[in-house]
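The structure appears right after this line, and notes come after that.
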Amino acid sequence: MNFELSEEQQMARASVREFAENEIAPRAREYDEAEKFPREQIDGLAELGLLGMIIPEEYGGAGFDTVSYALALEEIARADASVAVIVSVTNSVCCYPILSFGTEEQKQKYLVPLAKGEMLGAFCLSEPQAGSDATNQKTRALEDGDFYVLNGTKSWVTNGGAAGVYLVMAVTGETEGKKEITAFLVDGDAAGLKVSSVEHKLGQRASQTTEMSFTDVKVPKENVLGGVGGGMKVAFNSLDNGRIGIAALSVGIAQAALEEATRYAKDRVAFGRPIAEFQAIQHKLADMSAETEAARLLTLRAAAMKDAGARNVGAFSSMAKLFASENANRVCAEAIQIHGGNGYSRHYNVEKYYRDARITTIYEGTSEIQRLVISRAILKD
């Protein structure tokens, strides 16, 4: 097994790291405290082709493989997880499903401008009563001539209010008591679509997360993605890809916290010497480093399996997301512990990393859901 990155993968990581360190990291604290959407940084990433990283060049994307995509997201998250999740959602759960399930007309109308960074995408699956129970959808889409008319509410929509297109799951009927769920591409300026509330979050505060309401929103039938009744196939396929993105994002947060804790341990003096010389601190740093490297390798394995078209990539995506997200929470907690009381202050970045990490075990499938996915894959074989 070859663990060496290709020249192209190394170049992709290096170019993203340079941009992230120079353009994203210096403003991360300011944007977090103000809950300010990082428009300049997103525009800069768009110029680099990173809003369509995994999209082929023929559709305006950068043509990255999934490994390069994971490496790039890690670097962005190392600078600011808020920016990383904006990029991840547009790539993984908006661009990718259009590439996978879209007609050529849909690709030209939506995928090309998304990949070029001319607009952002959003993913609308969760509802007030449909989180982990994703099939418990209440949003309805009723046929009306050449259109479907959507009514309902979607929760926890990343890029809500900022997106140019929304991938929306809605109930179109029932078959033998089971809901028929269909995926729709809804224009961001569609009449009847509005932000009903903006979430004020614990972490990743510079990314905009909203509740979206759909009131008699008319969507042309040609905007059905993946066929009538194919909505959950579109959703779950998208989430398999998205979980690799969230795993990479989690590795980036953990890496940032590890580096911050290491610097602090070298500089902080207690009992007449740097605390890095104390074995208790050394052991913490050793565990943090080893577990973060393990999370990185598991994430890159899932990415490599996706590139290879492996059959069981879904289970490995869940493994990567589960381990990397829970590791990020552990590493950030230990980074605060190494900082002592200073780690609880906003004068130090570790408290932000801790807040940013917390959501990673929840969004795009909780840790509990990941364990279900993994266990079912084990028992099926």
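Coordinate-derived values only; no laboratory data. As the structure is a computational prediction, the values presented were derived from the model and not from experiment. Glycine gets a Cβ as well: all are built from the backbone with ideal geometry, and neighbour counts include every protein chain shown.
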On the first, second and third principal axes, largest extent first, how far apart are the outermost C-alpha atoms of segment 7-120 in Å?
41, 34, 19
Which is farthest toward the positive dipole end of the chain among Tyr31, Ser6, Gly177, measuring Cα position about the Cα centre, with Cβ charges +1 (Lys, Arg) and -1 (Asp, Glu)?
Gly177
In sequence order, what are the phi-derived ³J(HN,Hα) couplings for segment 68-77 according to the Karplus relation 6.51 cos²θ - 1.76 cosθ + 1.60 with θ = phi - 60°, rounded to whole Hz, with x for glycine and proline?
4, 4, 5, 4, 5, 5, 4, 5, 5, 5
Please label the shape of segment 280-371 as rounded, prolate or oblate, based on the square roots a ≥ b ≥ c of the eigenvalues of the alpha-carbon gyration tensor (a/c under 1.5 means rounded; beyond that, a/b larger than b/c means prolate, else oblate).
prolate
Ranked on Cβ counts within 10 Å of their own Cβ, fewest leading, Thr90, Thr215 go Thr215, Thr90
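Rounded to the nearest 500, what is the chain's calculated 222 nm mean residue ellipticity when only DSSP H runs of at least 4 contribute -39500 (n - 2.57) each, over all residues?
Details: 12 runs with 182 residues, N = 381.
Value at 222 nm, helices only, nearest 500: -15500 deg cm²/dmol.
Could you work out the local net charge near Glu118, counting Lys and Arg as +1, Asp and Glu as -1, over the other residues with Cβ closer than 13 Å to its Cβ? Before the final figure, lay out the partial values.
Values: positive: Lys109, Lys116; negative: Asp43, Glu47.
Net of charged neighbours comes to 0.
Return Ile378, Ile181 ranked ascending by Cβ neighbour count within 10 Å, so the fewest neighbours appear first. Let's see the in-between values first.
Working: Ile378 9, Ile181 24.
Going from sparsest to densest Cβ surroundings: Ile378, Ile181.
In percent, how large is the relative contact order of segment 233-380, given Cα pairs closer than 8 Å and 6 or more residues apart? Present the calculation step by step, with values, prior to reporting the outcome.
Numbers: 179 pairs, mean separation 48.9, N = 148.
In percent, rounded to a whole number, it is 33.
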About the Cα centre of segment 7-120, how large is the charge dipole given +1 on each Lys and Arg Cβ and -1 on each Asp and Glu Cβ? Please answer in debye to the nearest 20.
240 debye
Have a look at the DSSP beta bridges in the chain and tell me what percent are antiparallel, nearest 5.
85 percent
Relative contact order, percent, segment 61-141 [alpha-carbon distance under 8 Å, six or more residues apart]
24 percent
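Taking every DSSP beta bridge that has both residues in segment 72-188, what percent is antiparallel when rounded to the nearest 5? Write out the running numbers ahead of the final one.
Details: 16 of 22 bridges.
Roughly 75 percent of the DSSP beta bridges within segment 72-188 come out antiparallel.
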Quick one: compute the contact order of the chain, relative version, from alpha carbon pairs under 8 angstrom and 6+ residues apart, as a percent.
16 percent
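Rg(Cα) of segment 122-228 divided by 2.2 N^0.38 Å? Before the final figure, lay out the partial values.
Values: Rg = 13.5 Å, N = 107, 2.2 N^0.38 = 13.0 Å.
The value comes to 1.04.
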Could you give the radius of gyration (one decimal) and Dmax (whole number) of the Cα atoms in the chain, in Å?
20.9, 79
